[in-house]
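The values are calculated or read from the model by the stated rules, or taken from the named source; none is laboratory data. Computed from a prediction, not measured in an experiment: that's the story for all the values here. Neighbour counts are summed over all protein chains in view; Cβ atoms, including those assigned to glycine, are modelled from backbone coordinates with ideal geometry. Side chains are part of the model used for accessible areas, which takes the heavy atoms of the whole protein and leaves out ligands, DNA and RNA. Shrake-Rupley method; radii C 1.70, N 1.55, O 1.52, S 1.80 Å.
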Amino acid sequence: MSEAGELISGINHQFIQPVNSLKLMITTLQMLERDGNLDKQTLNEILKGGESSVCLLSDTIEIFRNFYKTSENINKFSVAKSVKNLLMLMHTELSRVNVKVILVNSSDVIVTQKDNIIQQILLILIHNAKDAVVEKFENINKKRDRNRHQK
């Protein structure tokens, strides 16, 4: 349940950011128009930014919907894409504890399986790895603080 809560919190952040960007873009357009400073190039640039924000929202919704979709169908899917989707959903949770994930090997594996089951296993693995990194960092800090106080 706590993992689901953290995931939902991350998704909430993924929604808020593009919505705030859209609000800022609309406000900027209104001010530029009101002041007579809205040229065609600026309009097109702001509209492209708005389109990117809407695409981010749409992608997040699609990833979330597919993650919790229960399916008995066995499909072929990309493990790398599943990991990237999970990292996008977990971005806020990972950022909150200063954990950055860099995918080094870009080779992909296509598997035939119930993809949502694999995604949930990958979520648990990423979550456990994050917890291990945080715990190790906290232990290092505690040890450093003890050594500093002993001197």
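Just one of the numbered conditions (1) modelled with pLDDT of 80 or more; (2) in contact with an Asp or Glu (Cβ under 6 Å, 6 or more places away or on another chain) is not true of GLU93: (1).
Taking first residues from the range 91-119 that are farther than 25 Å from GLN17 by Cα and polar (S, T, N, Q) and partners that are open to solvent by less than 90 Å² (accessible area, probe 1.4 Å) and in a loop (DSSP other than H, G, I, E, B), the Cβ contacts under 8 Å between residues at least 6 apart in sequence or on separate chains come to ASN116/SER71.
For (1) assigned to a helix (DSSP H, G or I); (2) modelled with pLDDT under 70; (3) farther than 27 Å from LEU122 by Cβ; (4) hydroxyl-bearing (Ser, Thr, Tyr), each residue gets a yes or a no:
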position	(1), (2), (3), (4)
ILE26	yes, no, yes, no
GLU33	yes, no, yes, no
LEU38	no, no, yes, no
GLU45	yes, no, yes, no
LEU57	yes, no, no, no
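Checking the range 103-125 against the condition returns no match, with no residue being under 18 Å from ASN12 (Cα atoms), modelled with pLDDT of 80 or more, open to solvent by less than 70 Å² (accessible area, probe 1.4 Å) and assigned to a helix (DSSP H, G or I).
Residue-level analysis places LYS84 among those that are under 21 Å from ILE118 (Cβ atoms), among the charged types (D, E, K, R) and at pLDDT 80 or above. Considering the range 77-127, and only residues there that are within 14 Å of PHE64 (Cβ to Cβ) and hydroxyl-bearing (Ser, Thr, Tyr), the residue that is nearest to the chain's Cα centre (by Cα) turns out to be THR92. Do we have any residue at all in the range 16-38 that's exposed (fewer than 13 other Cβ atoms within 10 Å of the Cβ) and in contact with a strand residue (DSSP E or B) (Cβ under 8 Å, 6 or more places away or on another chain)? No: zero hits. Taking the numbered list (1) part of a helix (DSSP H, G or I); (2) surrounded by 10 or more Cβ atoms within 10 Å (Cβ to Cβ); (3) out of contact with any His (no Cβ under 9 Å at 6 or more places or on another chain) in turn, GLU93 passes all entries but (3).
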